[in-house]
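The values are calculated or read from the model by the stated rules, or taken from the named source; none is laboratory data. Note that this is a predicted model, so its numbers are computed, not measured. Methodologically, a virtual Cβ is constructed for each residue, glycine included, from the backbone with ideal geometry; neighbour enumeration extends over all protein chains shown.
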Ligand code: AMP
């Protein structure tokens, strides 16, 4: 595996591979890797001859009161973890490499960025879209892989690619979970053992919502209410949002008739966890 922090060196490496006719995949991450990230790499490897993994904790997507300074970082641990994963080149730029001077050009994917995580983290998705657009220009991948754990992020990137006619296929990868259902996240290391224990209620509540839907519940508000109650009863976490929205464009839903996204964010102390499930509706016969 090659590794570089330098944009010109990475461009050179990729130009060579493109000349050889290789299909290039990009897997963008913020590091402190886990099995969720490995699933993205694995899927990339299955479809593309050359896999670029980026690790960059992007300051643009953190609000002033968020956890940028304490976000876990350990490059050597990450390098060890991906030794046999099939990454061809690891790109790990510094902040100076990515933003040598204060940035004044941004990519904003409006509407989609105003709801769910965007409502409570203003500027977050502008930071995400800007850094991903920049990575797309640096790497020029044919395919890029994003986890459905960050479903809103995946939709936003897909929309950015479509609106700006970028020649890139955006590929979603299903959520990887712990045995008890908790979605893997680099932030899980911050949970106390009690919080970790309680956090399993998030995925359990999503499963319960699916069962309610299967049993015939079609009211989005009623599902949200039941989810909120289940979470509040079973943990000390503070609910940021629990919402049922259209899975295609995140628009509001009252009666569930099309595929919906059930998304939630809950704060355990200062650690904010997100989870979601896309639910199809089987029409009544
Ligand atoms: P992050 O390093 O948290 O910014 O995540 C980098 C990529 O990995 C994003 O596309 C995430 O959606 C994806 N990812 C993170 N956790 C998971 C997970 N548990 N399952 C699937 N994908 C994930």
Search result, residues across the range 168-186 that are under 21 Å from residue 92 (Cα atoms) and not in a loop (DSSP other than H, G, I, E, B): 186
Going through the range 219-256 one residue at a time, which ones are within 17 Å of residue 117 (Cβ to Cβ) and in a loop (DSSP other than H, G, I, E, B)? 237, 247, 249, 250, 251
Out of (1) closer than 21 Å to residue 179 by Cα; (2) in the same structural domain as residue 192 (by TED's automatic domain parsing); (3) in contact (Cβ under 8 Å) with a residue 40 or more places away in the chain, the one residue 278 does not meet is (2)
Filter pass, residue 60 being crowded, with 18+ Cβ neighbours inside 10 Å, modelled with pLDDT of 95 or more and more than 22 Å from residue 100 (Cα to Cα): no
Condition (residue is away from the ligand (no atom under 11 Å from the Cβ) and in contact (Cβ under 8 Å) with a residue 60 or more places away in the chain) applied to the range 99-109: is it met by at least one residue? no
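A quick yes/no check of all residues on (1) assigned by TED's automatic domain parsing to the domain that holds residue 269; (2) modelled with pLDDT of 95 or more; (3) buried (at least 18 other Cβ atoms within 10 Å of the Cβ); (4) under 21 Å from residue 265 (Cα atoms):
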residue	(1), (2), (3), (4)
41	no, yes, yes, no
48	no, yes, yes, no
96	no, yes, no, no
101	no, yes, no, no
114	no, yes, no, yes
Kindly provide the set of residues from the range 160-185 that are within 10 Å of the ligand (Cβ to nearest atom), farther than 16 Å from residue 41 by Cα and surrounded by 19 or more Cβ atoms within 10 Å (Cβ to Cβ), ordered by number. 182, 183
Take the residues in the range 17-34 that are farther than 17 Å from residue 61 by Cα and assigned to a strand (DSSP E or B); name whichever of them is farthest from the ligand (Cβ to nearest atom). 24
Would a scan of the range 220-230 turn up a residue that is within 16 Å of the ligand (Cβ to nearest atom) and over 29 Å from residue 46 (Cα atoms)? no
Scan of the range 142-167 for residues that are touching a residue at least 60 places away in the same chain (Cβ under 8 Å) and not in a helix (DSSP H, G or I), ordered by number: 142, 143, 144, 145, 146, 147
Taking the range 76-85 as the search range and keeping residues that are assigned to a loop (DSSP other than H, G, I, E, B) and under 21 Å from the mean Cα position of the chain (by Cα), which one is farthest from residue 17 (Cα to Cα)? 82
